[in-house]
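Chemist: Have a look at this one.
The values are calculated or read from the model by the stated rules, or taken from the named source; none is laboratory data. Computed from a predicted model, the values in this text were never measured in an experiment. Note that each Cβ is placed from the backbone with ideal geometry, even for glycine, and that neighbours are counted across all protein chains shown.
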Amino acid sequence: MRIEFVKMHGIGNDFVVIDDLEGTLELDPSAVQWICDRHFGVGGDGVILVRRATRDDADLYMHYFNADGSLAEMCGNGIRCFVKHAVDTGLIPQDASTVRVETLGGVKPVTFWRDDAGRMTVARVDMGVPELQPEKIPVDLPGEMVYDCPLETPHGTVRITAVSMGNPHAVIWVDDVDAAPVETVGPAVETHAAFPKRTNVEFAELVDDAHIRLRVWERGVGETLACGTGACATVVAAVLSCRTGRSATVELPGGELEIRWHEDEHVYMTGPATTVFSGAIEVPEE
């Protein structure tokens, strides 16, 4: 099967974007894994299928796979790449500056800005209202909210704050993000029995009351250069613990995102998206 694709990234979080407007492309997990393999495939943190919306209150639908082939509800950096692709290829009218993207985590309104050639440069995504109720994240820990809660792992006890941004997150505050045990504690928390759908894991260092440094172990991927939903969940956790105000710059290894937990309770994420190259790949039948 020959598949045309576009390689894109949002501050280093990279994706293979494929037009599938008729919804006919069926990729099993092994195909996604092969496409995302950085040695034998294209390479990426995930695969995004661009499809027509299935509901009246959305314009397009983003079908997103993690690199391990699992379906994900939402991807913050991925949705900016999705919108850039739709803008730059004319799927969105030239006079438009907003679009509503359907995801498995709900419909996300996106405002975007263009350069002089009409291509998207920066997008602000309404990520919705963060979910803090344990059963809706989901996380199987006691209390009305999982806030600074001790969690036992094979590598010791960590304290987590659990947030859903349409997908689950566990935020851990550390003194030095460069020295954080991302590759050991990350997978241990991701697959912990307390998270029935697994979880993304954030290791956050407070620089000052408007600046956070962050590394993320992404569910189904491993450590990535950036995670948009993780940045949003971390600012929510920072506000809850009075570490920051409602707006903060989140510095990730791949770049920076501006996050605001607005007074309307919605979280807004602003950042760029970049097209790297386009091509075609022959996916083996097996």
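Chemist: Scan segment 196-214 for residues that are more than 18 Å from the chain's Cα centre (by Cα) and in contact (Cβ under 8 Å) with a residue 40 or more places away in the chain and jot them down.
Modeler: We begin by selecting, within segment 196-214, every residue more than 18 Å from the chain's Cα centre (by Cα); these are 196, 205-211.
Those that are more than 18 Å from the chain's Cα centre (by Cα) and in contact (Cβ under 8 Å) with a residue 40 or more places away in the chain: 196, 207, 211.
Chemist: Would you please name the residue that is surrounded by the fewest Cβ atoms within 10 Å (Cβ to Cβ), looking only at residues in segment 263-285 that are among the small types (Gly, Ala, Ser) and in a strand (DSSP E or B)? I'd like the intermediate steps shown before the answer.
Modeler: Pass one, segment 263-285, residues among the small types (Gly, Ala, Ser): 271, 273, 278-280.
If we keep only those that are in a strand (DSSP E or B) as well, we get 271, 278-280.
Values: 271: 24, 278: 12, 279: 11, 280: 8.
Selected residue: 280.
Chemist: Is there any pair with a first residue in segment 215-242 that is of a type in the set (Ser, Thr, Tyr) and a second that is in a helix (DSSP H, G or I) whose Cβ atoms are under 8 Å apart and which are 6 or more apart or on different chains, and what are they?
Modeler: Taking only residues 6 or more apart or on different chains, the pairs are 229/76.
Yes or no, residue by residue, for (1) buried (at least 22 other Cβ atoms within 10 Å of the Cβ); (2) touching an Asp or Glu at 6+ places or on another chain (Cβ under 8 Å); (3) in contact (Cβ under 8 Å) with a residue 40 or more places away in the chain:
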{"position": "110", "(1), (2), (3)": "yes, yes, no"}
{"position": "114", "(1), (2), (3)": "no, no, no"}
{"position": "124", "(1), (2), (3)": "no, no, yes"}
{"position": "147", "(1), (2), (3)": "no, no, yes"}
{"position": "154", "(1), (2), (3)": "no, no, no"}
{"position": "161", "(1), (2), (3)": "yes, yes, yes"}
{"position": "176", "(1), (2), (3)": "no, yes, no"}
{"position": "182", "(1), (2), (3)": "no, yes, yes"}
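Chemist: How many residues does segment 179-216 hold that are on the phi > 0 side of the Ramachandran plot and in contact with a strand residue (DSSP E or B) (Cβ under 6 Å, 6 or more places away or on another chain)?
Modeler: Adding up the residues that qualify gives 0.
Chemist: Still on this structure, please answer the following. Is it true that residue 119 is without any contact (Cβ under 8 Å) to a residue 60 or more places away in the chain, of a type in the set (Lys, Arg) and in contact with a helix residue (DSSP H, G or I) (Cβ under 6 Å, 6 or more places away or on another chain)? Walk me through it before giving the result.
Modeler: Working: without any contact (Cβ under 8 Å) to a residue 60 or more places away in the chain: yes; of a type in the set (Lys, Arg): yes; in contact with a helix residue (DSSP H, G or I) (Cβ under 6 Å, 6 or more places away or on another chain): yes.
Yes.
Chemist: Which of the residues belonging to segment 254-280 are hydroxyl-bearing (Ser, Thr, Tyr) and under 15 Å from the mean Cα position of the chain (by Cα)?
Modeler: So the first thing to find is which residues in segment 254-280 are hydroxyl-bearing (Ser, Thr, Tyr), and the list is 268, 270, 274-275, 278.
Matches in segment 254-280: 268, 270.
Chemist: Something else: Could you list all residues from segment 126-140 that are in contact (Cβ under 8 Å) with a residue 40 or more places away in the chain and surrounded by fewer than 18 Cβ atoms within 10 Å (Cβ to Cβ)?
Modeler: 129, 138, 140
Chemist: So for segment 168-176 (the condition being assigned by TED's automatic domain parsing to the domain that holds residue 239, touching a Pro at 6+ places or on another chain (Cβ under 9 Å) and more than 27 Å from residue 126 (Cβ to Cβ)), does at least one residue qualify?
Modeler: Yes: one or more hits.
Chemist: Yes or no: segment 37-46 includes at least one residue that is buried (at least 19 other Cβ atoms within 10 Å of the Cβ), among the hydrophobic types (A, V, I, L, M, F, W, C) and within 30 Å of residue 131 (Cα to Cα).
Modeler: Looking only at segment 37-46, we keep the residues that are buried (at least 19 other Cβ atoms within 10 Å of the Cβ), and these are 42, 44-46.
After this cut, where a residue has to be among the hydrophobic types (A, V, I, L, M, F, W, C) as well, the list is 42.
Then drop every residue that is not within 30 Å of residue 131 (Cα to Cα), which leaves none.
For segment 37-46, residues buried (at least 19 other Cβ atoms within 10 Å of the Cβ), among the hydrophobic types (A, V, I, L, M, F, W, C) and within 30 Å of residue 131 (Cα to Cα): absent.
Chemist: Output yes when any residue across segment 86-99 is without any contact (Cβ under 8 Å) to a residue 12 or more places away in the chain, on the phi > 0 side of the Ramachandran plot and outside the structural domain of residue 12 (by TED's automatic domain parsing), and no when none is.
Modeler: no
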